[in-house]
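Participant: Here it is, the structure, as structure tokens.
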Amino acid sequence: EVKTVGYAPWLSEFNECDWYGVTCVVGVVWGLDLANNSVIGEIVPEIVGLRSNLVFLDLSANCLYGTLPPEMGDLSSLELLKLSSNSFSGTFPEDLYKLSKLEQMDLAHQYSNDGNCTRSDGTVVYLMYQKGDTENMLNDGIEGAILDDRIGGLKNLERLILENNYFYGRISSEIGKLKRLVYFNAAVNMLTGSLPDRFTELRNLKELWVEENSLTGEIPIEVGRMESLETFSVWL
């Protein structure tokens, strides 16, 4: 249920620019912020209808589940994508690598989320389980080799937050292309291999969190010379 106090009801006949959480510029939907609103359900492919102008999308801390629709990759103007603290599952869509303008991507805390929401009919959605249903398996979060070579194409990223999911595979050396990156958190996943030396090329990086994975090998010695780095958390 979306809050509507002081705003036009969602999906009403009123102009969508008057709906709660909608930001418009010159009458065009520019941003959508429904964080912490007990929104229940799945993200529908029709969201692609906002592709021309949507700059920020914040659906964090709700009761959303299911997979991320590949159509989100067509939101070509998107700079901020926040979907943390829900119950998404399935494979990270490769189409999202097309979001070259992204400055922040936050997919954290889809796994082991003990929150819940109540539908209007009284039934409860439990985020610990896939699709919020206790008859389904426990939700492991979003999975996939998200940090493979394709991550280097998201060169505008400043914050990349992947904590508490089921992302696996190695961290590609292409991570070194994210020169604007300030905050990186991939803790509590299934990442393997070693930290690539090219992490040390990220001169703006202030925080690096990769604990509770299956990383091996030695920490690049140059990490100690990263002048901007304030926090480095890793368990090998």
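Participant: Would you work out the relative contact order for the range 1-146, in percent, from Cα pairs under 8 angstrom that are 6 or more residues apart?
Facilitator: Reported relative contact order: 18 percent.
Participant: Can you pick out the pairs among K101/K131; K82/K206; K131/K179 whose Cα atoms lie more than 26 Å from each other?
Facilitator: From K101/K131; K82/K206; K131/K179, over 26 Å: K101/K131; K131/K179.
Participant: Same structure again: Quick query: amide H of L191 versus all other amide H atoms, modeled in the peptide plane; which residues come in under 5 Å with a sequence gap of 5 or more or a different chain?
Facilitator: Excluding prolines and chain starts, which carry no amide H, the hits are S214.
Participant: Under a 10 Å cutoff between Cα atoms, tell me which one of G144, G27, G66 has the largest fluctuation in the Gaussian network model of the chain.
Facilitator: Of G144, G27, G66, the Gaussian network model singles out G27 as fluctuating most.
Participant: If r is the Cβ-Cβ distance from R203 to E42 and R0 is 45 Å, what FRET efficiency results, to the nearest 0.05?
Facilitator: 0.70
Participant: Looking at the square roots a ≥ b ≥ c of the eigenvalues of the Cα gyration tensor of the range 17-107, which shape do they give, rounded for a/c under 1.5, prolate if a/b is larger than b/c, or oblate?
Facilitator: In terms of gyration-tensor shape, oblate.
Participant: If r is the Cβ-Cβ distance from D148 to E230 and R0 is 41 Å, what FRET efficiency results, to the nearest 0.05?
Facilitator: After rounding, the FRET efficiency stands at 0.90.
Participant: Now, a different point. Across the range 181-186, in residue order, what do the Karplus-derived ³J(HN,Hα) couplings come to in whole Hz, using 6.51 cos²θ - 1.76 cosθ + 1.60 with θ = phi - 60° and x for Gly and Pro?
Facilitator: 5, 10, 9, 9, 9, 10
Participant: Semi-axes of the equivalent ellipsoid for the chain, please: Cα gyration tensor eigenvalues, times 5, square-rooted, ordered largest first, whole Å.
Facilitator: 33, 22, 14
Participant: What accessible area per residue comes out for the range 61-145, rounded to a whole number of Å², with a 1.4 Å probe?
Facilitator: Spelled out: the 1.4 Å probe surface of the range 61-145, per residue, equals 43 Å².
Participant: Can you give the FRET efficiency to the nearest 0.05 for T67 and E211, using r as the Cβ-Cβ distance and R₀ = 25 Å?
Facilitator: For R0 = 25 Å, the calculated efficiency reads 0.40.
Participant: If one computes the Cα centroid of the range 10-42 and of the range 146-180, what distance in Å separates the two points?
Facilitator: 30 Å
Participant: Taking the Cα centre of the range 1-137 as the origin, how large is its charge dipole in debye, to the nearest 20, when only Lys and Arg (+1) and Asp and Glu (-1) carry charge on their Cβ atoms?
Facilitator: For the range 1-137, the charge dipole is close to 160 debye.
Participant: What percentage of the solvent-accessible surface of the chain, computed with a 1.4 Å probe over protein heavy atoms, is contributed by carbon and sulfur atoms?
Facilitator: Here it works out to 47 percent.
The values are calculated or read from the model by the stated rules, or taken from the named source; none is laboratory data. Computed from a prediction, not measured in an experiment: that's the story for all the values here. Cβ coordinates were reconstructed from backbone atoms using ideal geometry, including for glycine residues, and neighbour counts include every protein chain displayed. These area figures cover heavy atoms from the full protein model, side chains too; ligands, DNA and RNA do not enter into them. Shrake-Rupley method; radii C 1.70, N 1.55, O 1.52, S 1.80 Å.
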